Amino acid sequence: MKIAFVGKGGSGKTTLSSLFIRHLAANEAHVVAVDADINQHLGAALGLDEQEAAALPAMGAQLPLIKDYLRGSNPRITSAATMIKTTPPGEGSRLLRVREDNPVYDACARTVRLDDGDIRLMATGPFNESDLGVACYHSKVGAVELCLNHLVDGPDEYVVVDMTAGSDSFASGLFTRFDMTFLVAEPTRKGVSVYRQYKEYARDFGVALKVVGNKVQGEDDLDFLRAEVGDDLLVGVGQSDWVRTMEKGRPAPFELLEADNRMALQALQNAAEDSYGLRDWERYTRQMVHFHLKNAESWGNEKTGADLAAQVDPAFVLHEHGAETGAAQPV
């Protein structure tokens, strides 16, 4: 399952991302975690010290390697240089799997040991002053989108992405790459403002969206969230002494997280599993192609000097067991 955590800056989405990742590891799931926020804090939230977090390799710096590996022997892609963030896989492309070892993970992922198991952590890399005027952060998260376009996953396999704050996720097709999007919202008017933007953007693409109320202090807060987001409210998460000690760099064993908050995390996992049961690989592939053709026409063809529409393999459908070709319906 591919899971995104989104929300307004300061809503606590990175904290909740890290708690969910720890919960999954405790339940023996296989997890690849990705820090795609412009402010890179997921590593610290998972227990890395400053030096370890700073040493995480940047996916954005490994784009040539990522493209070369994913291209494989796909005859529709004339060179890795013609691949853009939305390039879809086709016959001959290499696909990524959660549990395998491959050159992309070797270059971009690091193992993080948690109380109840190990997870892989990847990071887009921070947006530095040297990037100003010559790049935008969307070019960095493009590495995430390209990898998700080529990734197949199954039950008990999770890719959890801590997204950049606000509605920046809609600058490309990245928001359609997930089985479930958890929008973290505080019980305030500002806290739910991003929800309305996401709901509007996501409606036409069938994006599964659930709201997780954070910093909830009582039934009045839950009533406010229900009034604002209706049935999209999944669960509320209260203040946590465990989180406070973790943020001070002195985390207690994860099993000591408050029972109510453990139950809330289980509700997130249940919702993710339900969304996996509704997965539509043909729609997923079709949306991938839609955004690729859109980007090709608006800027990709001019940038690469190639007809990027020719990269689309009309008989290819990404699938849990790899790819379906030949008899598959055109997308």
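The values are calculated or read from the model by the stated rules, or taken from the named source; none is laboratory data. Keep in mind that what you see is a predicted model, and the values were worked out from it rather than measured. Cβ atoms come from the backbone with ideal geometry, glycine included; neighbour counts cover every protein chain shown. Note: areas computed on protein heavy atoms with side chains; ligands, DNA, RNA excluded. Shrake-Rupley method; radii C 1.70, N 1.55, O 1.52, S 1.80 Å.
Among (1) surrounded by 19 or more Cβ atoms within 10 Å (Cβ to Cβ); (2) of a type in the set (D, E, K, R); (3) farther than 24 Å from Ala25 by Cβ, there is one condition Arg177 misses while meeting the rest; what is its number?
Against the list (1) surrounded by 19 or more Cβ atoms within 10 Å (Cβ to Cβ); (2) of a type in the set (D, E, K, R); (3) farther than 24 Å from Ala25 by Cβ, Arg177 comes up short only on (3).
Yes or no: Val104 outside any loop (DSSP other than H, G, I, E, B), touching a Phe, Trp or Tyr at 6+ places or on another chain (Cβ under 7 Å), more than 28 Å from Pro251 (Cα to Cα) and modelled with pLDDT of 95 or more?
Considered against the rule, which asks whether it is outside any loop (DSSP other than H, G, I, E, B), touching a Phe, Trp or Tyr at 6+ places or on another chain (Cβ under 7 Å), more than 28 Å from Pro251 (Cα to Cα) and modelled with pLDDT of 95 or more, Val104 comes out as yes.
Any idea which residue in the stretch 23-58 is farthest from Ser172 (Cα to Cα), counting only those that are buried (at least 24 other Cβ atoms within 10 Å of the Cβ) and of a type in the set (D, E, K, R)?
Looking at the filtered set, the residue picked out is Asp35.
Can you tell me which residue within the stretch 107-143, out of those that are closer than 22 Å to Phe254 by Cα and among the acidic types (Asp, Glu), is modelled with the highest pLDDT?
Among those residues, the one meeting the criterion is Asp118.
Can you name the condition, by its number, that Ile84 falls short on among (1) open to solvent by 80 Å² or more (accessible area, probe 1.4 Å); (2) farther than 14 Å from His30 by Cα; (3) in a loop (DSSP other than H, G, I, E, B)?
So the condition that Ile84 fails would be (1).
For a quick check of your reading of the model, give me the residue pairs whose first member lies in the stretch 40-61 and is outside any helix (DSSP H, G or I), whose second is crowded, with 19+ Cβ neighbours inside 10 Å and among the hydroxyl-bearing types (Ser, Thr, Tyr), with beta-carbon atoms closer than 7 Å and at least 6 apart or on different chains.
As it stands, the answer is His41/Thr14; Leu46/Ser18; Ala58/Thr124, since those pairs meet every condition given.
Checking the conditions here, which among Gln311, Gln287, Gln266 is within 28 Å of Leu209 (Cα to Cα), in contact with a His (Cβ under 9 Å, 6 or more places away or on another chain) and polar (S, T, N, Q)?
Result: Gln266 is the single residue among Gln311, Gln287, Gln266 that is within 28 Å of Leu209 (Cα to Cα), in contact with a His (Cβ under 9 Å, 6 or more places away or on another chain) and polar (S, T, N, Q).
Please specify each residue of the stretch 175-207 satisfying the condition of being farther than 18 Å from Leu16 by Cα, under 21 Å from the mean Cα position of the chain (by Cα) and not hydroxyl-bearing (Ser, Thr, Tyr).
The answer is Phe175, Arg177, Arg196, Gln197, Lys199, Glu200, Ala202, Arg203, Asp204, Phe205, Gly206, Val207.
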